[in-house]
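Inspection log for the structure reproduced underneath, given as structure tokens.
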Amino acid sequence: MNRYAVLSMDVEDWYHLDYFSGLSPERSSSLLDGLDVYLSLLERHSIRTTFFVLSELAERLGGTLRAMAAAGHEIASHGVAHKRPLKMTIDEFADDLRQSRATLEDVVQRSVEGFRAPCFSMDRPRLEEVRNAGYTYDSSRIDFTGHRLYGSLDVADFDAVSPGHSVQQGFHEFEVSTLPVLGKRLPVSAGGYLRIAPWAIMRPLIQTYVRSSPLYVLYIHPFELSPRPLPAAAAKLFFPQRLRFGLGRAGVARKLEKLVRLLKHDGFSFVTFRDLCQQSMGQA
Ligand SMILES: [Zn+2]
């Protein structure tokens, strides 16, 4: 059995997080340098992966994005400015999809084929818009009811390529990984869980998941890997949010190293979502 891991990153800054949406925070500080920390980790392990990038950051990150694409990483879209699709009308969302794709393609000079919705905020009518806007795949599905912001996306009429990867008429859906534990689904894919939970807890959960699954999908963000202190606006958050936002950043790079070693040990190959789409079309 071929086994694949996509260590995807959603490239956004700290102020794009939903926690800050009502606070209009001052944006002069940035935690985007966590992207460099991640890129050097990937380079050390010769890993190529997919980055879902907000197009409003594309100009600022232009040179970095072009270097990433030249190094074999895939640049995909995370929308324009991290507006949740379920908060937009269908027409607004269609514009967001087209605009973000055009901007990213313009900056990177490569085709943009994938989309991931901010906060996994996605439903079936909006998924059809992703397809209509010319994308080849979407990765906005998570089977996790414990988070109030996430949408619910039904793709039961798609054909399963493998658990977590389904396809319909050449359009693919990728689910980020969750593990059923005691009637709940734990996101063993979430950088946030990796950051906050001790490795002694995450390791057996991830091991249980990967031993029975041919596809492991991680999603992580630059702020989780930035060595900089939290921005002043974090002090305005309620305590549980502040904890969730800020905890464990110092240790997450070490845990990622352990995660990569675990996946390598279990025979996983590291790929982009685009690789998986092309490969499954080759099999069809
Ligand atoms: Zn996001």
Legend entry - Criterion (among the aliphatic types (A, V, I, L, M), surrounded by fewer than 21 Cβ atoms within 10 Å (Cβ to Cβ) and at pLDDT 95 or above) met by exactly one of ALA156, ALA117, ALA160, ALA133: ALA133
Legend entry - Hits in region 94-111 - residues which are within 16 Å of the ligand (Cβ to nearest atom) and of a type in the set (A, V, I, L, M, F, W, C): LEU97, LEU104
Inset, instruction - Go through GLY79, GLY72, GLY62 for me and flag whichever is surrounded by 21 or more Cβ atoms within 10 Å (Cβ to Cβ), at pLDDT 95 or above and over 19 Å from SER226 (Cβ atoms). - result: GLY79
Inset, instruction - Would you check if PRO180 is over 24 Å from ALA160 (Cβ atoms) and either over 18 Å from the mean Cα position of the chain (by Cα) or assigned to a strand (DSSP E or B) (or both)? - result: no
Inset, instruction - Pull up region 73-90, narrow it to residues that are in contact (Cβ under 8 Å) with a residue 40 or more places away in the chain and closer than 25 Å to PHE270 by Cβ, then point me to the one that is nearest to the ligand (Cβ to nearest atom). - result: HIS78
Inset, instruction - Check region 125-136 and report whether any residue there is within 16 Å of the ligand (Cβ to nearest atom), without any contact (Cβ under 8 Å) to a residue 24 or more places away in the chain, under 23 Å from ARG84 (Cβ atoms) and among the basic types (Lys, Arg). - result: no
Inset, instruction - Identify, by number, the condition in (1) more than 12 Å from the ligand (Cβ to nearest atom); (2) crowded, with 21+ Cβ neighbours inside 10 Å; (3) of a type in the set (A, V, I, L, M); (4) over 19 Å from GLY192 (Cα atoms) that LEU57 doesn't meet. - result: (1)
Inset, instruction - Check ASP36, ASP18, ASP13 and return the single one that is within 13 Å of the ligand (Cβ to nearest atom) and within 15 Å of ARG228 (Cβ to Cβ). - result: ASP13
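Here's the yes/no breakdown for (1) surrounded by fewer than 19 Cβ atoms within 10 Å (Cβ to Cβ); (2) part of a helix (DSSP H, G or I); (3) not β-branched (Val, Ile, Thr):
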{"site": "MET1", "(1), (2), (3)": "yes, no, yes"}
{"site": "VAL6", "(1), (2), (3)": "no, no, no"}
{"site": "ASP10", "(1), (2), (3)": "no, no, yes"}
{"site": "TYR15", "(1), (2), (3)": "no, yes, yes"}
{"site": "SER24", "(1), (2), (3)": "yes, no, yes"}
{"site": "SER28", "(1), (2), (3)": "yes, no, yes"}
{"site": "VAL37", "(1), (2), (3)": "yes, yes, no"}
{"site": "LEU41", "(1), (2), (3)": "yes, yes, yes"}
{"site": "SER46", "(1), (2), (3)": "yes, no, yes"}
Legend entry - Neighbours by Cβ (under 7 Å, 6+ apart or cross-chain): first from region 244-258, under 12 Å from PHE223 (Cβ atoms); second of a type in the set (Asp, Glu): ARG249/GLU224; VAL252/GLU224
Inset, instruction - Might you let me know whether region 241-259 holds any residue that is over 17 Å from the mean Cα position of the chain (by Cα), within 16 Å of the ligand (Cβ to nearest atom) and either β-branched (Val, Ile, Thr) or not in a strand (DSSP E or B) (or both)? - result: yes
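Quick grid of which residues meet (1) surrounded by 14 or more Cβ atoms within 10 Å (Cβ to Cβ); (2) touching a residue at least 60 places away in the same chain (Cβ under 8 Å); (3) within 16 Å of the ligand (Cβ to nearest atom); (4) of a type in the set (D, E, K, R):
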{"site": "ARG211", "(1), (2), (3), (4)": "no, no, no, yes"}
{"site": "TYR216", "(1), (2), (3), (4)": "yes, yes, no, no"}
{"site": "HIS265", "(1), (2), (3), (4)": "no, no, no, no"}
{"site": "LEU276", "(1), (2), (3), (4)": "yes, yes, no, no"}
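The values are calculated or read from the model by the stated rules, or taken from the named source; none is laboratory data. Given the structure is predicted, the values throughout are model-derived calculations rather than measurements. Cβ: placed from backbone, ideal geometry, glycine included. Neighbour counts: every protein chain shown.
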